[in-house]
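Asks: Below you'll find the structure I mean.
The values are calculated or read from the model by the stated rules, or taken from the named source; none is laboratory data. This one's a predicted model, so the numbers in the text were calculated from it and none came from an experiment. Don't worry about glycine lacking a Cβ; one is built from the backbone with ideal geometry, like all the others, and counts go over all protein chains shown. With ligands, DNA and RNA removed, areas are computed over all heavy atoms of the protein, side chains included. Shrake-Rupley method; radii C 1.70, N 1.55, O 1.52, S 1.80 Å.
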Amino acid sequence: MDCIFCKIAAKQIPSAIVYENEDVIAFRDINPQAPVHIIIIPKQHIATLNDIKPEDAQLVGKIVLAAQAIAKDNNLQNPGYRLVLNCNKDAGQTVFHIHCHLLGGRLMGWPPG
Ligand code: AMP
Ligand code: ZN
């Protein structure tokens, strides 16, 4: 499958990996929007949030737990951080393999753009 995040998960293309377990891998965003900007993905290909099924619930939970661990590694627990999941055009999704952005290291604005 021609999916850049599947290729990163399979280590067919390089990335700055910061976390990995059996189900999930996380790497630095190539175009960071904050001092810490990490992309967390399931190794399994799921195109958009619309495609998540009830049986994927544990996998989605593992993404959030990975984010929590990465936030701790980066001392972001107390200053705080933001998780973002974009779905389709209006949210600006550009890579069609679900991913969670972990953003931190600066004050975040609200509402988001
Ligand atoms: P989204 O707009 O939510 O689909 O976000 C996709 C994110 O993936 C963007 O922030 C990109 O900078 C990032 N990205 C795309 N290709 C790569 C890559 N090869 N390595 C790391 N991050 C990437
Ligand atoms: Zn994929």
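Asks: Not counting ligands, DNA or RNA, and with a 1.4 Å probe, what is Val36's accessible surface area in Å² rounded to the nearest 10?
Replies: For Val36, solvent-accessible area is about 20 Å².
Asks: Any idea what the dipole of the chain comes to, in debye rounded to 20, about its Cα centre with Lys/Arg Cβ at +1 and Asp/Glu Cβ at -1? Can you show the working numbers first?
Replies: Values: 10 positive and 10 negative charges, 59 e Å.
For the chain, the charge dipole is close to 280 debye.
Asks: What aspartates and glutamates could a cross-link reach from Lys72, if we take a straight Cα to Cα line under 20 Å and drop same-chain neighbours fewer than 8 places away?
Replies: Lys72 reaches Glu20, Glu22, Asp23, Asp29.
Asks: List residues of the stretch 81-113, by number, whose backbone nitrogen lies under 11 Å from a label position 7 Å along Cα→C-beta of Val60.
Replies: none
Asks: Skipping prolines and chain starts, which residues have an amide H placed within reach, meaning under 5 Å, of the one on Val24, given they are 5 or more residues away or on another chain?
Replies: Those qualifying (amide H under 5 Å, at least 5 residues apart or on another chain) are Lys43.
Asks: Is the shape of the chain best called rounded, prolate or oblate, per the rule: a/c under 1.5 gives rounded, else a/b larger than b/c gives prolate, else oblate, with a ≥ b ≥ c the square roots of the Cα gyration tensor eigenvalues?
Replies: Details: a/c = 1.44, a/b = 1.28, b/c = 1.12.
Since a/c stays below 1.5, the shape of the chain is classed as rounded.
Asks: Taking Cα pairs under 8 Å and at least six residues apart, what relative contact order does the stretch 4-104 come out at, in percent? Please list the in-between numbers first.
Replies: Details: 148 pairs, mean separation 32.2, N = 101.
Relative CO of the stretch 4-104 lands at 32 percent.
Asks: Quick check for you: which residues of the stretch 63-88 have the amide N under 15 Å from the point 7 Å beyond the Cα of Trp110 toward its beta carbon?
Replies: 79-84
Asks: Taking loop as defined by DSSP and a crowding limit of 16 other beta carbons within 10 Å, which GluC sites (Glu not before Pro) in the stretch 1-77 fit? Display every interim value, and only then the final one.
Replies: Details: sites: Glu20, Glu22, Glu55; in loops: Glu22.
Those satisfying the criteria are Glu22.
Asks: Between beta-carbons, use under 15 Å as the cut-off and find the net charge around Cys3, counting Lys and Arg +1, Asp and Glu -1. Present the calculation step by step, with values, prior to reporting the outcome.
Replies: Values: positive: Lys7, Lys11, Lys43; negative: Asp2, Asp51.
Around Cys3, the surrounding residues sum to +1.
Asks: Sticking with this one: Less than 14 Å Cβ to Cβ from Asn50, Lys/Arg counted +1 and Asp/Glu -1: what total charge do the surrounding residues give? Mind showing how you got there, number by number?
Replies: On the way: positive: Lys53, Lys89; negative: Asp51, Asp56, Asp90.
Its environment carries a net charge of -1.
Asks: Between the helical axis of 57-73 and the dominant principal axis of the chain, each derived from Cα atoms, what acute angle in degrees is found, rounded to the nearest 10?
Replies: The two axes meet at around 40 degrees.
Asks: Show Asp2, Asp73 ordered by accessible area, largest first, where the area counts protein heavy atoms only and the probe is 1.4 Å.
Replies: Values: Asp2 140, Asp73 110 Å².
Result of the area sort, largest leading: Asp2, Asp73.
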